[in-house]
Amino acid sequence: MLGLLLATVTCSTAYLQFGLGPQLSRVQSTVSELRCLQVAMTDREGSLRTWAATGDAAPLAQQRAAAARVEDCGRSLVAGASGVPDGSLVTMLVQSALWGRVWSAADAPAAATPTTAQLRPLLADDSTAFERYRQAQDTAIKQALASRDSLLRRQDLLVRGTGAVVASLVMGVLVVDLRRRRRLERLVDEPVQGLVTTMDRVLRGELGVQPPELDVPELARLGEGIGALARRLEREQAQGMLREESALRHGSRLQVVLGVARATAGSPSPHQVAQTVAAAAIELGRVSAVVWLEEREGEAFVPVLPESSTAPVPEGAPPGPVQRAAVEARSVRQGDRASFPLVVAGRVVGVLDVLDEAWDDEDSAQVDSVLEALARFAAVALQSARLHAQTLEQARGDALTGLRNRHSLDAELPVEFTRSRRYDRPLSVALLDVDHFKRVNDTAGHAVGDAWLRLVGGIVLDGLRTSDSAYRYGGEELVVVLPETDLDAAVLVAERLREAVAACAGPKAYPTVTVSIGVATVNHAMAGYEDVLAAADAALYAAKRSGRNRVVHSGEVVEALPV
């Protein structure tokens, strides 16, 4: 379109400059020459009439000058006239020459002024010839002017037409440019703006945004790249969130392990440690957990459940995976069951056995790793508790009899006394003394006396329930604490112990001994545990005073008091 515009303007300009322009210039020159000829002829004719009328020679000079101009104009017209037909030009020049012949006498060097008789026909001939010349000249001028006006009209039409064409072309260019702009906006600007909007949304975190559909292949590829980048960022964000969530879960699980560490720090009870570890395994997401605990070295494993568990305690031998974990000292998984050995110094001291809800869950591996860490820590905590318990046992126990010592009695009896009073439950105490023990030492020696104390301590331990406790009170005196036991039941227990000691055969140096036992039960009149000990001591004193080798309870002592 722009090329056509330039071609049109160029052609129009070239035609005006090289075609119509020179032609119009020649016509204008012809018109000027005709005007010049007209003025010169008029001047000549006027000068001749003046001379003829006055006889003055001055007009003749003007006439000759005008004749020279006529001759010059005539030559110019003959040489380059344009816009006037040759016939009209010839006619004009011929009429000019014929008129000149009327006045030919005036051109003579010594022309005489015509007489009155000569002047009248001369002027008549002059008027007739000059009129013919004027008519021919007017015709030529009119033709020249008509030719000029035609050229001017053509020039004007050409200019107007060129202007109209240029205007049309300009409008066409503007329309094409507008259409191109609109097409550019549709194909480039709007898609680019859509891509920019998509990128802004991605920057704001809207990673699920879809790029707009684009017709331009390059922009479409760019949009696909932005969409692919957004999807990749979305996947990485999701993976990052999963990793973060996994890290948080892992951290919370490790907090559970740390909680176990705090809860079992310094615990003297392996059983309590096992309960805490089993509860932690359930807190870590397992359906159930059992710690199979080796309570003492070389003994069989016993199951320990969490304290809050309502499930029945497993009976019989440990399950196969637990036995394999204990023998192989490595973790064993079988279906939804996993067993983690508790290993200390190369020795298995227990096995953590858990049941998963869905063992193939992708988070299970992380939980298993935490459970393994828990098992390693639990092994150390169990060993520490066992050593602590052994140390406490040694500190609270009596090395000779194997019973607990007086310090343990002073620590544990107040607790039982308080519980008995708070919950109104029976609590009995039996105070046992070996009869004539000084005689045993004096007669058979202290070694025999120590042997009898060990025998009596063993008999007492063997004759008690697991809830009962026995202590060496001092010298040859022993104390038996019987929770949940009223006075009658306590007397029966004491009587069995007395009979068992009397039936026991000891060292040959002193083969038999007997014991006296005083029994008392807590009542509301007692203010503290010392009162029940004092009541049992009073009953023991009554038994010795009554002949020894017998059981006396505190009620008999009260009945025997004088009124």
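The values are calculated or read from the model by the stated rules, or taken from the named source; none is laboratory data. Values in this document were obtained by computation on a predicted structure and should not be read as measured data. Counting neighbours? That spans all protein chains shown, and the Cβs are built from the backbone with ideal geometry, glycine included. Side chains included, ligands, DNA and RNA excluded: accessible areas come from the protein's heavy atoms. Shrake-Rupley method; radii C 1.70, N 1.55, O 1.52, S 1.80 Å.
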Q) List pairs: first in region 42-61 and farther than 27 Å from ASP138 by Cα, second not in a helix (DSSP H, G or I), Cβ under 7 Å, 6+ apart or cross-chain? A) GLY55/THR113
Q) Quick one: in region 431-448, which of the residues that are in contact (Cβ under 8 Å) with a residue 24 or more places away in the chain and over 18 Å from ARG550 (Cβ atoms) is surrounded by the most Cβ atoms within 10 Å (Cβ to Cβ)? A) VAL440
Q. From the list LEU233, LEU174, LEU242, which one is among the aliphatic types (A, V, I, L, M), within 30 Å of ALA281 (Cα to Cα) and at pLDDT 75 or above?
A. LEU242
Q. When the residues of region 496-513 are filtered to those that are surrounded by fewer than 15 Cβ atoms within 10 Å (Cβ to Cβ) and either in contact with a His (Cβ under 6 Å, 6 or more places away or on another chain) or in contact (Cβ under 8 Å) with a residue 12 or more places away in the chain (or both), which remaining residue is farthest from ALA451 (Cα to Cα)?
A. ARG496
Q. Which one of VAL159, VAL176 is surrounded by fewer than 16 Cβ atoms within 10 Å (Cβ to Cβ) and under 60 Å from the mean Cα position of the chain (by Cα)?
A. VAL176
Q.
Being modelled with pLDDT of 75 or more, open to solvent by less than 30 Å² (accessible area, probe 1.4 Å), touching a Cys at 6+ places or on another chain (Cβ under 8 Å) and in a helix (DSSP H, G or I): is that true of LEU48 here?
A. no
**Q.** Any strands (runs of 3 or more DSSP E) falling wholly within region 275-338 and containing at least 2 residues that are within 20 Å of ALA373 (Cα to Cα)
**A.** 288-294, 332-334
(Q) Checking ARG545 against (1) open to solvent by 40 Å² or more (accessible area, probe 1.4 Å); (2) touching a Lys or Arg at 6+ places or on another chain (Cβ under 7 Å); (3) farther than 19 Å from ARG425 by Cβ, only one condition comes out false. Which one? (A) (2)
Q.
Condition check: farther than 13 Å from ALA430 by Cα, open to solvent by 50 Å² or more (accessible area, probe 1.4 Å), in contact (Cβ under 8 Å) with a residue 40 or more places away in the chain and in contact with an Asp or Glu (Cβ under 9 Å, 6 or more places away or on another chain). Does GLU484 satisfy that?
A. no
Q.
Under 9 Å between Cβ atoms, which residue pairs at least 6 apart in sequence (or on different chains) link something in region 528-542 that is touching a residue at least 60 places away in the same chain (Cβ under 8 Å) with a partner that is of a type in the set (D, E, K, R) and open to solvent by less than 40 Å² (accessible area, probe 1.4 Å)?
A. LEU540/ASP433
